[in-house]
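Taking it in order: structure first as structure tokens, then the write-up.
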Amino acid sequence: LKADLGGVTLGPLLKDALNNDLLEGRGSVTLDVQTGGATVGAMKKALSGNASLALRDSSLKGVNLGELLRKARSLRGSNPPAEQGALPAERTDFTELGASFVIRNGVAHNDDLSAKSPLLRLAGSGDVDIGANSIDYLIKASVVASSGGQGGKELAELRGVTVPVKVTGPLDAPRFRADLRATVGDAVRQRAEDKLKERAQDRLRDLLRR
């Protein structure tokens with residue numbers, strides 16, 4: 001099957017193909033895939049080829065990543081880190097989202113996710129096992145702005161920090177895990193090093209002026 005589709009609404013397409021609409025939005029979808037088998041399950045496991053998508057005004061359903069990062073910030077240094085299952089009422093909206101996939105034996109691998117929202121920038125890589133209906137994916141979420149009101153301060157403190165968010169489990173009930181312990185420690189150390197460099201430069205300038 002080869003197809004280059006524009007103006008596609010992704011949610012219904014995923015619902016028909018995977019019985020899941022974890023991701024929704026409107027944009028272009030390109031497919032070049034082949035499969036075979038006597039049953040739907042066998043065909044999913046034999047699926048191979050390539051696919052890509054480029055969406056605008058899209059949503060990741062089941063999680064509000066901004067809220068998850070706020071929770072991770074409040075739990076910084078504690079064990080376990082912030083984790084939740086998919087919640088039907090929650091979603092993360094994006095103005096742009098793009099990704100390409102190499103599919104082998106029913107497993108779609110991606111390593112070039114790019115998504116943007118007013119608050120976040122996402123990169124990511126991992127696998128969607130179409131035959132087993134499962135996901136093992138690492139999102140790298142970077143805070144680029146903060147919202148006002150409750151929780152705004154926590155996000156502001158994470159600006160410029162890249163937070164790993166692990167997505168695992170069945171596609172219809174994935175779990176999202178954000179762990180700030182190592183990430184924030186690295187950021188704090190970097191800021192401390194930057195301050196030391198600034199002080200050293202200030203002292204050098206003072207000496208040169210004498």
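The set of residues in region 86-118 that are within 15 Å of the chain's Cα centre (by Cα) and among the small types (Gly, Ala, Ser) comprises Ala86, Gly98, Ala99, Ser100, Ser114, Ala115, Ser117.
Here is a yes/no grid of residues against (1) at pLDDT below 95; (2) assigned to a strand (DSSP E or B):
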{"site": "Gly124", "(1), (2)": "no, yes"}
{"site": "Gly131", "(1), (2)": "yes, no"}
{"site": "Asp136", "(1), (2)": "no, yes"}
{"site": "Ser142", "(1), (2)": "yes, yes"}
{"site": "Glu154", "(1), (2)": "yes, no"}
{"site": "Val163", "(1), (2)": "yes, yes"}
{"site": "Thr168", "(1), (2)": "no, yes"}
{"site": "Val184", "(1), (2)": "yes, no"}
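Can you confirm whether Lys45 is modelled with pLDDT of 90 or more and of a type in the set (D, E, K, R)?
Yes: the conditions hold for Lys45.
Mind checking whether some residue in region 36-55 is closer than 20 Å to Asp111 by Cβ and of a type in the set (Ser, Thr, Tyr)? So far as region 36-55 goes, yes, one or more of its residues are closer than 20 Å to Asp111 by Cβ and of a type in the set (Ser, Thr, Tyr).
Within region 90-121, being over 21 Å from Leu18 (Cα atoms) and aliphatic (A, V, I, L, M) holds for Ala115, Leu119, Leu120. Just one of the listed residues (Gly11, Gly27, Gly37) is more than 16 Å from the chain's Cα centre (by Cα), part of a helix (DSSP H, G or I) and either assigned by TED's automatic domain parsing to the domain that holds Val144 or closer than 18 Å to Arg175 by Cβ (or both), and it is Gly11.
The values are calculated or read from the model by the stated rules, or taken from the named source; none is laboratory data. Just so you know, these numbers come straight off a predicted model, no measurement behind them. All Cβ positions, even for glycine, are placed from backbone atoms using ideal geometry, and neighbour counts span all protein chains on display.
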